[in-house]
Amino acid sequence: RKEVEQDPGPFNVPEGATVAFNCTYSNSASQSFFWYRQDCRKEPKLLMSVYSSGNEDGRFTAQLNRASQYISLLIRDSKLSDSATYLCVVNKDHAGNMLTFGGGTRLMVKP
Amino acid sequence: EPEVTQTPSHQVTQMGQEVILRCVPISNHLYFYWYRQILGQKVEFLVSFYNNEISEKSEIFDDQFSVERPDGSNFTLKIRSTKLEDSAMYFCASCGGRSYNEQFFGPGTRLTVL
């Protein structure tokens, strides 16, 4: 089983749509969870950390279900500029440890 | 806003040569990392560095690789005797400060081994 698994997509959605990505992780000892965004041939950029209580940042909402080892990202009111690959990332410890990346889910927002 | 910087942006080398990739982490950060991404594949961890020593490394990070923090600002990755399969994007990252567990990535160095 892959350590961090994501549907590669692509998800093709119209502007203004709501889209949700899911991710599962295999290491139950994982402590920290993140969503990164990666544009073509660019570096991963931190989108948001994911907390147990769930958290929201503008149009983006992240949820964590530790029992099911499942993380989600919801994007509301999609913009053309949201087109990118979204990377689900876990860290087995709170600091100083390696990040384990999923393969990413590609999103394409069309006019 | 402080950023991680990396040089060069693109490095082309012949198989068997040594390369040094350079990074300047965010200034108040204490943890430093190297990752690589082969074209079309996922980002993979290579090594983490804290308090002037390696704290963790992956299976990829064998004797061919080494890291160094030669002064208070630079963090380098040396790849000895490069192989064709070392061709990849190499990202440096750092964390620490207020968001102590959030890692911020540099723009990467694209290494091409011919």
| query | Got the relative contact order for the stretch A:22-96 handy, in percent, Cα pairs under 8 Å and 6 or more residues apart? | reply | 41
| query | Considering chain B as a Gaussian network with a 10 Å cut-off on Cα pairs, which listed residue, B:SER94, B:SER48, B:SER66, attains the greatest mean-square fluctuation? | reply | B:SER66
| request: Would you mind giving the mean number of other chain beta-carbons within 10 Å of the Cβ of each residue in B:104-112, as a whole number? | output: 2
| message | Which aspartates and glutamates, if any, have their Cα less than 14 Å from the Cα of A:LYS79, not counting same-chain residues under 8 positions apart? | response | A:GLU15
| request: Would you kindly calculate the mean projected area, averaged across all directions, of the convex hull enclosing the Cα atoms of chain A, in square nanometres? | output: 6.8
| said: How large are Rg and Dmax for the protein assembly as shown when calculated on the C-alpha trace, in angstrom? | reply: 17.6, 51
| query | With the calculation restricted to Cα positions, what are the radius of gyration and Dmax of chain B in angstrom? | reply | 13.3, 42
| field | Under 22 Å from the Cα of A:LYS92 - lysines, other chains or at least 8 residues apart | value | A:LYS2, A:LYS45, B:LYS42, B:LYS57
| request: Could you work out the relative contact order of chain B, using alpha carbon pairs under 8 angstrom and six or more residues apart, expressed as a whole percent? | output: 38
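Other chains' Cβ within 10 Å of A:97-105 residues: what's the mean?
6
Every read-out reported here was derived from the displayed coordinates using simple, explicitly stated rules and does not represent laboratory data. The shown structure was predicted, so the numbers you read here are calculated from the model rather than taken from an experiment. Virtual Cβ from ideal backbone geometry, glycine too; neighbours counted across all protein chains shown.
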